[in-house]
Amino acid sequence: MAARPPLMAAVVAPARVTAYEVLRRVFEDGAWADRALRAAATDLDDRDRALAQRLAYGAVQRARTLDHAISTLARRPVERIDAEVLAALRLGAYQVGFLDGIPRYAAVNESVELVRRAGSVRAVPFANAVMRRLAERMRGLLAGLPETTPGEAALLHSYPDWVAEVWWRDLGPDGARALMRAQNEPPELAVRRVHGEIEGRPDDVLPDAWIVDRVDEAAVAAGRIWPQSRGSQLVGHVVGSRAGERTLDLCAAPGGKATMLAGDVVAVDVSATRTRELEENVRRLGATRVTVVQADGRDLPSTLQGFDRVLVDAPCSGLGVLAARPDLRWRAEPLPALQRSLLCAAIERARPGATVTYSVCTVNADESEAVVDEVGLPLDDLGAEWPAFAHPRRPEFLQTLPHVHGTSGFFVARLRVP
């Protein structure tokens, strides 16, 4: 896209300027929201950065619903609205439609000013008229949207139709609607304590899992804590590795689970960039018994054989972590063929009698129980070990659910190799 005129932070609040830039980078350049935010928020203080994140992430998550309101009240399809104008309208619509405590005049006036400062002077009257209609009528429009079918709920809560259909099938209408609502809210902040003291609240079930008000970046840099959802930490515990054993982590980056494991660990990742990140995190966390290998998990070096335990935290659609990754819902796709290949490769590298733990950060039976069922190996009864997280339909599996457990959505199974 063409170079953009600089925005005047003196005219528009810095948090809105930053959020606007993030929206444009995501929807015009295909950037990931978290990376776009890091680049745009370098000069913001903590308070403004938090507001910019709330505005940007919320507007990205709610884009489908926002676009419906904009097109309805603008009497124009969003496809016919210039990108720089649509970004400002989405940002303003999110504020007047979903946030309390922000003055409507500020949302209206500064959204219009963003359009002006982006160089679309001729679109200013249009943006002003639409923003005023949104401020007056958007909440009523949203209140009138039904959610009795997957398609209706997808529009109201801003998800692709296929995601709503999968959750309707797997969780039923009430569970699907609750999960949609939960993943439109900011996720809880959880960390794993590596050593030392920590401020926060310890989890009642998971050792060393803490819920915190803020992530202490100095403690992360020093290797005392690691930002990691409780759902993710559960996976590491399920592996059950012990001193004296050899464990293979087949898709290990960024290393949160690999650095939890006891004994000797071989941590594999296919990406050179992610492997370097994995190596850095292993050093930071003092995981001296972890060896990092860059390789495709489906084509490992022949020397990697005979492991006592294997972990396959497979790539997936990510439908369990949409709260933390606001743009993922618009890009997600199921990956069952890849997941089956990785799970079969893991089984081949395990010794007889070993266990293979399979996990995915999704809520989608096609990527979870269906993949495990197809392999057909005996299963450990994980629901008996971790009853708080037992799968609602298949208690031999675990399934954390954001609307039930307050953490990211992870499926976990543990298979026995004959």
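The values are calculated or read from the model by the stated rules, or taken from the named source; none is laboratory data. Keep in mind it's a predicted model, so treat the numbers as computed, not measured. Note that we place each Cβ from the backbone using ideal geometry, even for glycine, and neighbour counts take in every protein chain shown. What goes into the accessible areas is simple: the full protein's heavy atoms, side chains included, and nothing from ligands, DNA or RNA. Shrake-Rupley method; radii C 1.70, N 1.55, O 1.52, S 1.80 Å.
Under Stokes-Einstein, with the Kirkwood radius over Cα pairs as Rh, the value for region 159-312 at 4 °C and 1.567 mPa s is 75 µm²/s. In plain terms, the chain is cut at each of the GluC sites (Glu not before Pro) found in a DSSP loop with at most 15 other Cβ atoms within 10 Å, and the longest leftover piece is 200-418. Backbone N atoms of region 220-242 closer than 17 Å to the 7 Å Cα→Cβ label point of LEU189 belong to residues 220-230. Multiplying each eigenvalue of the alpha-carbon gyration tensor of region 48-132 by 5 and taking the square root yields semi-axes of 19, 15, 12 Å, largest first, rounded to whole angstroms.
Rounded to whole numbers, the Karplus 3J(HN,Hα) couplings from phi for region 271-281 are 8, 5, 5, 5, 5, 5, 4, 4, 4, 5, 5 Hz, using 6.51 cos²θ - 1.76 cosθ + 1.60 with θ = phi - 60°, and x at Gly and Pro. Within the accessible area of region 123-189, what % is carbon and sulfur when the probe is 1.4 Å and the other protein chains stay in place? Carbon with sulfur: 57 percent of the solvent-accessible area.
Divide, for region 111-247, the radius of gyration over alpha carbons by 2.2 N^0.38 Å, where N is the residue count. Normalised by 2.2 N^0.38 Å, the Cα Rg of region 111-247 equals 1.59.
Applying Stokes-Einstein at 37 °C and 0.692 mPa s to the Kirkwood radius of region 1-157, computed over alpha-carbon pairs, gives a translational diffusion coefficient of 211 µm² s⁻¹. Under the definition of Cα pairs under 8 Å and six or more residues apart, what whole-number percent is the relative contact order of region 227-296? Result for region 227-296 is 29 percent.
In order along region 322-334, phi translates into HN-Hα couplings of 5, 5, 8, 10, x, 8, 5, 4, 8, 10, 5, 8, x Hz, rounded to whole numbers, per the Karplus curve 6.51 cos²θ - 1.76 cosθ + 1.60 with θ = phi - 60° and x for Gly and Pro.
The residue among PRO315, ALA243, THR42 whose Cα reaches farthest toward the positive pole of the charge dipole of the chain, with charges on the beta-carbon of Lys, Arg, Asp and Glu, is THR42. Between 0 and 90 degrees, rounded to the nearest ten: what's the tilt of helix 104-117 against the longest Cα principal axis of the chain? Tilt of helix 104-117: around 90 degrees.
A viscosity of 0.890 mPa s and a temperature of 25 °C, combined with the Kirkwood radius over Cα pairs in Stokes-Einstein, give a translational diffusion coefficient for the chain of 107 µm²/s. Applying the criteria of a DSSP loop state and at most 15 other Cβ atoms within 10 Å to the trypsin sites (Lys or Arg not before Pro) of region 17-126 yields ARG75. Computed from Cα positions, the angle between helix 63-74 and the longest principal axis of the chain comes to roughly 10 degrees. Angle of helix 230-239 to the longest C-alpha principal axis of the chain, folded into 0 to 90 degrees and rounded to 10: 10°. The mean accessible area for residues of region 4-90, using a 1.4 Å probe and ignoring ligands and nucleic acids, is 47 Å² per residue. For region 21-32, 3J(HN,Hα) computed residue by residue from phi via the Karplus equation (6.51, -1.76, 1.60; θ = phi - 60°) reads 4, 5, 4, 5, 5, 5, 8, 9, 10, x, 6, 7 Hz, glycine and proline entered as x.
Spin-label model, ARG80/GLU136: points 7 Å from Cα along the beta carbon direction are separated by 2.2 nm.
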